[in-house]
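Asks: The following block contains the structure, expressed as structure tokens.
Each reported figure results from applying straightforward, stated rules to the coordinates on display, with no laboratory input. Since we're looking at a predicted model, the values are computed, not measured. Cβ atoms come from the backbone with ideal geometry, glycine included; neighbour counts cover every protein chain shown.
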Amino acid sequence: MRPVAVVTGAGSGIGRAVAIALEQAGFAVVLAGRRREALEATAALGRDMHVVVADVTDAKAVAGLFDQAADLGRVALLFNNAGMNVAAAPLDTVPPADIHTLIATNVTGAMLCAREAMRVMKTQSPQGGRIVNNGSVSAYAPRLHATAYTVSKHAMTGLTKALILEGRPFGISCGQIDIGNTVTDMSERMDAGVLQADGETRTEPRFDVEHVARTVVHMATLPPEANISFVTIMASNMPLYGRG
């Protein structure tokens, strides 16, 4: 029986690319997200992909997601990928509702998914598994006028470190992939130019999302005694260092 991987935010972009790569690497993949049509479009690109519509901010929906994943076999991996951003703006102009929604998705949602993954991985046989969190280069270097997003990704780093410790007695490993500008819809604005730390607006290079997918597969297929705790992947000329 093929090991099971749960991929959140699997309807597009990084989630879709990683789901396809994991299926090709031998996993049965559970595709989670809010939009059934987008998830089914991803599923059509593989042969052993299973659609589960679930909002990561809904605790009952997340529990149901992992129950369905466990019905397929041993849950070997969670790729904790679902996330969102809001329009760039000074913090004092960002609507409070946007802040609440972003934190609920990027932080609470990631924690709820990790919580249910831990529940299943602790009780399955053989015990254990792996969680890979999608951080961001914003997990350690802020972008101007992106405070809420930066806070959420710093929180992801805290989640990763805590899960490394908490999962250790149960054979559950956790790692984080911090990703720069990939060629996805979410980063299209980089081609038009984005605000830099010095106040200037400049374009930023992007790189193919397939490189992210291959990196996640590498993290996911390590033997239980090995773990990549943190890795950064980005375009070689991305102006990250010196940003903040």
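Asks: Using the Kirkwood formula over every pair of different C-alpha atoms, what hydrodynamic radius in Å results for region 4-233?
Replies: Numbers: mean 1/r = 0.0564 Å⁻¹.
Hydrodynamic radius (Kirkwood, Cα pairs) of region 4-233 is 17.7 Å.
Asks: Okay, moving on. Provide E23, E40, E225 in ascending order of the number of other Cβ atoms located within 10 Å of each residue's Cβ, fewest first.
Replies: Details: E23 22, E40 14, E225 7.
Going from sparsest to densest Cβ surroundings: E225, E40, E23.
Asks: What residues have an amide H closer than 5 Å to that of V6, excluding those fewer than 5 places away on the same chain, when H is modeled at 1.01 Å from N in the peptide plane?
Replies: Distant-sequence amide H within range of V6: V30, L77, L78, F79.
Asks: Here's another thing I want to ask about it. Taking the Cβ of each residue in F27, F170, F79 as the centre, tally the other Cβ atoms inside 10 Å and list the residues starting with the fewest. Spell out each step's value before the answer.
Replies: On the way: F27 25, F170 14, F79 28.
Placing the least packed residue first, the sequence is F170, F27, F79.
Asks: Can I ask one more? So what is the 222 nm mean residue ellipticity for the chain from helices alone, if each DSSP H run of at least 4 adds -39500 (n - 2.57) and you divide by all residues, rounding to the nearest 500 deg cm²/dmol? Can you show the working numbers first?
Replies: On the way: 8 runs with 94 residues, N = 244.
Calculated from helices alone, the mean residue ellipticity at 222 nm is -12000 deg cm²/dmol.
Asks: Return the sequence-ordered ³J(HN,Hα) values of region 80-88 in whole Hz as given by the Karplus equation 6.51 cos²θ - 1.76 cosθ + 1.60 applied to θ = phi - 60°, using x for Gly and Pro.
Replies: These are the phi-based 3J(HN,Hα) values: 7, 10, 4, x, 8, 9, 10, 4, 5 Hz.
Asks: Describe numerically, in nm with one decimal, the distance between label points set 7 Å from Cα along Cα→Cβ at T101 and at H211.
Replies: 3.2 nm
Asks: Modelled label-to-label distance, L165 and A87, 7 Å Cα→beta-carbon offset: nm?
Replies: For the pair L165/A87, the computed spacing is 4.0 nm.
Asks: List the relative contact order of the chain as a percent without decimals, with contacts defined as Cα pairs under 8 Å and 6+ residues apart.
Replies: On the way: 483 pairs, mean separation 45.2, N = 244.
Relative contact order of the chain: 19 percent.
Asks: Can you give me the distance in nm between label points at F230 and E37, each placed 7 Å from the Cα along the Cα-to-Cβ direction?
Replies: The modelled label-to-label distance comes out at 4.0 nm.
Asks: Quick one: dipole size for the chain, taken about the Cα centre, charges +1 on Lys/Arg Cβ and -1 on Asp/Glu Cβ, in debye to the nearest 20.
Replies: Details: 21 positive and 22 negative charges, 115 e Å.
Dipole of the chain, to the nearest 20 debye: 560 debye.
Asks: Could I ask something else about it? Provide the FRET efficiency to the nearest 0.05 for the A61-V183 pair, computing r from the beta carbons and using R0 = 41 Å. Before the final figure, lay out each step's value.
Replies: Details: r = 30 Å, r/R0 = 0.74.
Calculated value: 0.85.
Asks: Whole angstrom only: what separates the Cα centroid of region 1-33 from the Cα centroid of region 205-222?
Replies: 13 Å
Asks: Only counting other Cβ atoms within 10 Å, I'd like V53, V216, V209, V6 sorted with the fewest neighbours first.
Replies: Working: V53 17, V216 29, V209 20, V6 35.
Lowest count first: V53, V209, V216, V6.
Asks: While we're looking at this one, here's another question. Mind jotting down the three principal axis lengths of region 45-132 based on Cα atoms? Whole angstrom, largest first.
Replies: 50, 30, 22
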